[in-house]
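To start, the structure under review is shown below, and the notes come after it.
The values are calculated or read from the model by the stated rules, or taken from the named source; none is laboratory data. Since the model is a prediction, treat every value here as computed from it, not as a measurement. Cβ sites come from the backbone with ideal geometry, for glycine too, and all protein chains shown count toward neighbours.
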Amino acid sequence: MIEIKICGITGIEDALHAAVCGADALGFIFYRQSPRYIAPAAAARIIAQLPGAICKVGVFVNEAAETVKQTAAACGLDMIQLHGDETAAYCEGFRPDILIKALPLETEKDLQDALLYPVRALLMDARANGLYGGTGRQASWPLAARLGKDKPLILAGGLNSENIVAALRAVRPQAVDINSGVEESPGKKDAEKVKEIIGIIRGEESGEDHDPIFTVHRPQNPPGMK
């Protein structure tokens, strides 16, 4: 089954609608420069109202590790997504089974360096105009396809109902991360677009089995703590 993450959630209605439509995970962006930023307290209120089975992912960009861990614990996050310039050494301070690292791969060296990250999965995205994500720009599908053969892969970058089938067939990712392609405006989802793209993905599934990426973890220690 192809797992689906709807990212950039800022309101409870969008969160509940995505869950009802069949999303496996929801993303909350804690990067203040993002137009989809949500304050931790607001995210915690939304997360407290969500079904327990849906994976709640916090997105961080170049944040102090201790702040990431404190936010994860306070909000009730299941997984942590690092979407900035975090190094492999930085990632070693977290439990790898709850960690996702986003990377904008463009070269052969980028591809090899990506394999050094001790994480549950890698997320292939595209950057533009100084923004770390949510740009609507398409990632390199050929590089993503190669990466997915060696590491659990989440494909992001400008995915929408018009290109999602081509993306799935070209890359064959284990999961997809959808944000700007289902929005009315930054941070506000279009309910019909969310429903449509999830329906398209479910209809395109090949039946291949793989270990889930978006697992709901209930550890004794807060997410991120070793």
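Would you say A39 is hydrophobic (A, V, I, L, M, F, W, C), surrounded by fewer than 22 Cβ atoms within 10 Å (Cβ to Cβ) and over 13 Å from the mean Cα position of the chain (by Cα)? Before you say what the answer is, go through the steps one by one.
Numbers: hydrophobic (A, V, I, L, M, F, W, C): yes; surrounded by fewer than 22 Cβ atoms within 10 Å (Cβ to Cβ): yes; over 13 Å from the mean Cα position of the chain (by Cα): yes.
Taking the combined requirement at face value, the residue satisfies it.
Among the residues in the stretch 158-169, are any under 14 Å from the mean Cα position of the chain (by Cα), on the phi > 0 side of the Ramachandran plot and modelled with pLDDT under 95? Explain how you work it out, then say what you get.
Taking the stretch 158-169 and keeping what is under 14 Å from the mean Cα position of the chain (by Cα), we get 158-159.
With the extra rule that they be on the phi > 0 side of the Ramachandran plot, the set shrinks to 158.
Imposing the further condition that a residue be modelled with pLDDT under 95 reduces the set to 158.
Yes, some residue in the stretch 158-169 is under 14 Å from the mean Cα position of the chain (by Cα), on the phi > 0 side of the Ramachandran plot and modelled with pLDDT under 95.
Looking at the stretch 173-215, which of its residues are among the charged types (D, E, K, R) and in a helix (DSSP H, G or I)? Spell out how you get there, then give the answer.
The initial filter retains those residues of the stretch 173-215 that are among the charged types (D, E, K, R), namely 177, 183-184, 188-190, 192-193, 195-196, 202, 204-205, 208-209, 211.
Hits for the stretch 173-215 are E192, K193, K195, E196, R202, E204.
Just the residues that are surrounded by 15 or more Cβ atoms within 10 Å (Cβ to Cβ), out of contact with any Leu (no Cβ under 9 Å at 6 or more places or on another chain) and assigned to a helix (DSSP H, G or I), please, taken from the stretch 148-169.
I164
Looking at (1) in a helix (DSSP H, G or I); (2) touching a helix residue (DSSP H, G or I) at 6+ places or on another chain (Cβ under 8 Å); (3) among the aliphatic types (A, V, I, L, M), find the lone condition where V119 falls short.
(1)
Which members of the stretch 74-87 meet the condition of being closer than 15 Å to L99 by Cβ and of a type outside the set (D, E)?
Residues of the stretch 74-87 closer than 15 Å to L99 by Cβ: 77-84, 86-87.
Answer for the stretch 74-87, where residues must be closer than 15 Å to L99 by Cβ and of a type outside the set (D, E): L77, M79, I80, Q81, L82, H83, G84, T87.
Only one of these conditions is not met by D110: (1) modelled with pLDDT under 95; (2) part of a loop (DSSP other than H, G, I, E, B). Which number is it?
Unmet condition: (2).
Got a number for residues in the stretch 35-60 being closer than 21 Å to L103 by Cα and out of contact with any strand residue (DSSP E or B) (no Cβ under 8 Å at 6 or more places or on another chain)?
1
Sort through A53, A65, A39, A19 and tell me the only one that's touching a helix residue (DSSP H, G or I) at 6+ places or on another chain (Cβ under 9 Å) and either modelled with pLDDT of 95 or more or of a type in the set (F, W, Y) (or both). Give the steps one after another, and end with the answer.
Values: A53 fails: either modelled with pLDDT of 95 or more or of a type in the set (F, W, Y) (or both); A39 fails: touching a helix residue (DSSP H, G or I) at 6+ places or on another chain (Cβ under 9 Å); A19 fails: touching a helix residue (DSSP H, G or I) at 6+ places or on another chain (Cβ under 9 Å).
Of A53, A65, A39, A19, the one residue that is touching a helix residue (DSSP H, G or I) at 6+ places or on another chain (Cβ under 9 Å) and either modelled with pLDDT of 95 or more or of a type in the set (F, W, Y) (or both) is A65.
Exactly one of (1) touching a Phe, Trp or Tyr at 6+ places or on another chain (Cβ under 6 Å); (2) under 22 Å from R146 (Cβ atoms); (3) surrounded by fewer than 22 Cβ atoms within 10 Å (Cβ to Cβ) is unmet by K101. Its number?
(3)
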